[in-house]
1. Considering only segment 159-209, state which residues are in contact (Cβ under 8 Å) with a residue 40 or more places away in the chain and more than 29 Å from residue 232 (Cα to Cα).
2. Could you run through segment 372-403 and say how many residues are away from ligand 2 (no atom under 16 Å from the Cβ) and under 22 Å from the mean Cα position of the chain (by Cα)?
3. Just need a number here: residues in segment 418-460 that are without any contact (Cβ under 8 Å) to a residue 60 or more places away in the chain and either away from ligand 2 (no atom under 15 Å from the Cβ) or closer than 21 Å to residue 347 by Cβ (or both).
4. Residue by residue through segment 156-200, note down the ones that are over 30 Å from residue 241 (Cα atoms), in contact with a strand residue (DSSP E or B) (Cβ under 8 Å, 6 or more places away or on another chain) and part of a helix (DSSP H, G or I).
5. Take the conditions modelled with pLDDT of 95 or more and out of contact with any helix residue (DSSP H, G or I) (no Cβ under 7 Å at 6 or more places or on another chain) and apply them to residue 3. Does it pass?
6. Of all the helices (runs of 4 or more DSSP H) wholly in segment 366-467, which have at least 1 residues that are surrounded by 21 or more Cβ atoms within 10 Å (Cβ to Cβ) and more than 10 Å from ligand 1 (Cβ to nearest atom)?
7. Checking residue 261 against (1) in a helix (DSSP H, G or I); (2) within 17 Å of residue 196 (Cβ to Cβ), only one condition comes out false. Which one?
Ligand code: SF4
Ligand code: SF4
């Protein structure tokens with residue numbers, strides 16, 4: 001362990017409220033003015049007696065004494081006291097070894113390195129993995145066998161169907177479900193499924209399958225016709241809005257809850273209009289991602305620092321909109337802070353932000369294994385294949401390369417909440433890594449500050465919705 005020389009808490013204001021996040025413990029404090037001042041002085045290096053004098057002069061000696069005793073009380077409970085630590089190379093090496101040896105009960109099957117659409121921002125296209133064709137059944141079968149073997153003692157196996165467009169390969173999809181059900185029955189394991197699709201090939205048989213096995217399902221739609229047709233055309237240039245929306249409406253007749261994934265490009269930054277459209281369409285949950293490209297350069301549709309500034313300026317509107325919807329008793333379909341709020345509540349302390357190479361392991365159409373679906377087609381990141389499994393040495397090298405870039409995170413107050421950058425985002429095509437630019441991290445940190453304010457506000461004023469967001473979890477990180 002290395003001890004870091006940074007303040008042990010992050011102090012900030014948002015919408016007239018002051019907060020401190022104790023970095024090591026994840027405790028969040030809602031501060032009044034005097035407590036905020038005290039922590040501000042302490043962070044600037046003043047000694048407690050001097051802080052007491054300053055507070056006595058500005059407020060009163062009673063207030064100064066109360067603040068001091070409250071801080072002592074907190075310190076006695078470990079807040080503001082734990083040394084800030086991070087891991088050294090030796091510990092990282094041990095951790096990486098343990099990661100490579102962990103079992104997982106999840107696999108992603110890239111049923112099609114092919115797509116009937118040509119979305120303008122598609123990262124798969126950039127990897128040149130859209131022309132490779134469909135996963136043959138013997139490969140899918142081996143991938144499922146591999147997933148069951150890797151699941152060890154777990155009582156379930158989770159299979160995600162991905163692409164490209166997975167429904168280009170319906171025959172293998174149906175066989176994969178039947179075969180995995182058979183294996184599950186033989187081995188006493190529950191098998192569950194999820195799929196992401198562009199919805200243009202959804203038909204009654206697929207909807208039956210989705211309903212029968214209660215698939216986790218995400219359909220991709222970028223918003224109103226003009227956006228969808230421009231950004232997500234068919235390979236022959238026709239717009240996909242008509243067919244996609246017709247199929248999604250058919251799906252909605254049979255399934256109440258449908259989640260949409262919408263990708264925001266730099267061409268349409270009016271998030272309000274897009275979200276309103278998707279809400280009115282009837283989606284139960286709206287997930288919005290941004291075209292980011294990878295770290296070695298922005299693509300023509302990616303959100304860069306300029307667009308990010310425009311989008312950030314809309315955040316206040318979305319926060320107000322969320323609160324107004326709650327006030328009116330409406331169902332919340334779009335809350336871009338949900339994950340931040342959950343992380344804050346759970347005092348998330350992750351050394352790895354995702355299950356890359358474990359829960360996110362993806363089998364490409366030819367059976368090669370990648371850290372996650374985003375890497376498919378990137379030769380430098382192949383970790384093994386479904387026949388011989390993950391090559392532990394290659395997996396360890398991949399993780400070591402990624403961990404070596406995380407020094408930047410060691411001086412970041414959000415380190416425990418964030419867990420570091422998305423490994424794919426910082427991966428270059430040639431197999432090396434590069435840390436993201438500062439604006440990208442500033443955006444993440446601001447998102448957590450907003451998340452802390454919302455955490456406080458929702459907990460206080462909308463406890464039912466707050467409870468839905470965080471579920472029943474035991475810790476109580478916010479002190480007032
Ligand atoms: S915000 Fe950036 S620097 Fe901070 S922990 Fe996350 S990835 Fe690392
Ligand atoms: S590497 Fe990035 S894209 Fe892949 S699973 Fe992790 S967070 Fe997601």
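The values are calculated or read from the model by the stated rules, or taken from the named source; none is laboratory data. None of these values were measured; they are calculated from a predicted model. Here Cβ is always computed from backbone atoms with ideal geometry, including for glycine, and neighbour counts include all displayed protein chains.
1. Within segment 159-209, 189 is the sole residue that qualifies.
2. The qualifying residues number 0.
3. Residues flagged as without any contact (Cβ under 8 Å) to a residue 60 or more places away in the chain and either away from ligand 2 (no atom under 15 Å from the Cβ) or closer than 21 Å to residue 347 by Cβ (or both) within segment 418-460 amount to 9.
4. First, the residues of segment 156-200 that are over 30 Å from residue 241 (Cα atoms): 156-158, 178-191.
From what is left, the residues that are in contact with a strand residue (DSSP E or B) (Cβ under 8 Å, 6 or more places away or on another chain) are 156-158, 180-181, 183-184, 189-191.
Of everything in segment 156-200, those that are over 30 Å from residue 241 (Cα atoms), in contact with a strand residue (DSSP E or B) (Cβ under 8 Å, 6 or more places away or on another chain) and part of a helix (DSSP H, G or I) turn out to be 180, 181, 183, 184.
5. Numbers: modelled with pLDDT of 95 or more: no; out of contact with any helix residue (DSSP H, G or I) (no Cβ under 7 Å at 6 or more places or on another chain): yes.
It is false that residue 3 is modelled with pLDDT of 95 or more and out of contact with any helix residue (DSSP H, G or I) (no Cβ under 7 Å at 6 or more places or on another chain).
6. Numbers: elements: 392-404, 415-418, 438-461.
Result: 392-404, 438-461.
7. For residue 261, the failing item is (1).
Yes/no matrix, rows are residues, columns are (1) more than 30 Å from residue 395 (Cβ to Cβ); (2) within 16 Å of ligand 2 (Cβ to nearest atom); (3) out of contact with any strand residue (DSSP E or B) (no Cβ under 9 Å at 6 or more places or on another chain):
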| residue | (1), (2), (3) |
| --- | --- |
| 303 | yes, yes, no |
| 306 | yes, no, yes |
| 312 | yes, no, yes |
| 345 | yes, no, no |
| 357 | no, yes, no |
